[in-house]
Amino acid sequence: MRVAVLALMMFAGAASAEPYHLIPGAVPLDSGPDGNTVVLDAPQGLIVFDTGRHPEHSQAIIDYAKSRHRPIAAIVNSHWHLDHTTGNWDIRQAYPHVAVYASGALKGALETFLKDSRAQTDQMLADPKTPAMVRDQLLRGRAVIDHPERIAPNHVISHSGPMMIAGRQIDVHVAKLAATEADVWLYDAKSKTIIAGDLVVGLVPFMDTACAEGWSHALDRIAELPFTTLIPGHGDPMTRADFLQWRTAYDNFVDCGHSTRPTKECVEGWSRDAAKFIDAAHKDYAKGAAGYYLQTRLRSSPDEQQRYCRPLSVSTWHKAAA
Ligand SMILES: [Zn+2]
């Protein structure tokens, strides 16, 4: 009897023994990826870092919380890309009091990048050749663009520093003008763990809204901390040595992109330098994406290259200039 009561108490209230719980995001070859989700324990419940794109991913987060008999008290989004934020809506419906923390970068994205994505979405939905599975994904993405309050933060993170989230103090960092206008990453000093979001992505840096130089600076800030484990936005956890190798691969790729060397050489360079982080099934995917980002970011017109090296929101921009 005493054992049973003790077991029950431990079950209901105990924090997890592991410093974090990873729910890996899938990177399918034929549809959009899900970002990794990292769950942390806090006095008021669970803190969920990134919520994925597909309903299966957000369901896995909710199932984990249920298995732990703890509510989801807070969401922290690394950035607004929909493979990290779409699940906010599912979690909000399951836990209506959840606090959502993110940078304010969604606002500018809605006026620019996401506005364009929405137009492309409508074009694809109008095309009868678009498969049903892709159609579902497009509708899900369009719904959160049309109702941004479903995924938007109710606590805006504007600067780096310690923050209390769900009753737990967390070392929060904001990288400005990096993978997006403002990327959030966390450092847990106790377990020496960095939760990096898409500032680190094993396969290839997803540079759709990147400022290449700002991103490189963000990697330098990460390197300054004495971490031993880093969880990237997609892919397996990394050691410190892994991260340093990945950072070198990133910097080499950007340098090559800004040089006059042939595109093929830059793509091959990335595949070689980042080989450790690219599994056999994703070799062509990583090459294709590296070629795409060379063309659209690193080797586009000077104006286009700088597009994401300044705030996106015109209203913020005018305010800053005034
Ligand atoms: Zn991502």
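The values are calculated or read from the model by the stated rules, or taken from the named source; none is laboratory data. On a predicted model such as this, the values are computed, not experimentally measured, just so you know. When we count neighbours, we look across all protein chains shown, and the Cβ atoms used for this are built from the backbone with ideal geometry, even at glycine.
Brief remarks follow.
- Odd one out for Thr180 among (1) outside any loop (DSSP other than H, G, I, E, B); (2) within 16 Å of the ligand (Cβ to nearest atom): (1)
- Residue in the range 59-75 that is β-branched (Val, Ile, Thr), in contact with a strand residue (DSSP E or B) (Cβ under 9 Å, 6 or more places away or on another chain) and assigned to a loop (DSSP other than H, G, I, E, B) present: no
- Pick from the range 154-186, criterion small (Gly, Ala, Ser) and buried (at least 18 other Cβ atoms within 10 Å of the Cβ), ranking: nearest to Gly108 (Cα to Cα): Ala182
- Cβ-Cβ distances below 7 Å connect the following pairs, each with a first residue in the range 217-233 that is under 22 Å from Pro24 (Cα atoms) and in a loop (DSSP other than H, G, I, E, B), a second residue that is hydrophobic (A, V, I, L, M, F, W, C) and modelled with pLDDT of 95 or more, and a separation of six or more residues or different chains: Phe227/Ile194.
- Assessment of the range 257-265 against the conditions (acidic (Asp, Glu) and more than 26 Å from Asn77 (Cα to Cα)) yields at least one matching residue.
- Complete set of residues in the range 66-100 that are away from the ligand (no atom under 16 Å from the Cβ), among the polar types (S, T, N, Q) and over 17 Å from His21 (Cβ atoms): Gln93
- From the list Asp63, Asp50, the lone residue that is within 12 Å of the ligand (Cβ to nearest atom) and either among the acidic types (Asp, Glu) or surrounded by fewer than 21 Cβ atoms within 10 Å (Cβ to Cβ) (or both) is Asp50.
- Among the candidates Tyr292, Tyr187, residue that is part of a helix (DSSP H, G or I) and of a type in the set (Phe, Trp, Tyr): Tyr292
- Residue that is nearest to the ligand (Cβ to nearest atom) [pool: residues in the range 15-35 that are in a loop (DSSP other than H, G, I, E, B) and under 12 Å from Gly52 (Cβ atoms)]: Gly35
- Inside the range 187-216, residues that are more than 16 Å from the ligand (Cβ to nearest atom), in contact (Cβ under 8 Å) with a residue 60 or more places away in the chain and among the small types (Gly, Ala, Ser) make up a count of 3.
- Val174 vs. criteria modelled with pLDDT of 95 or more, among the β-branched types (Val, Ile, Thr) and in contact with a Lys or Arg (Cβ under 9 Å, 6 or more places away or on another chain): no
- Look at (1) part of a helix (DSSP H, G or I); (2) in contact with a helix residue (DSSP H, G or I) (Cβ under 8 Å, 6 or more places away or on another chain); (3) not charged (D, E, K, R) and you find that Leu199 fails only one, number (1).
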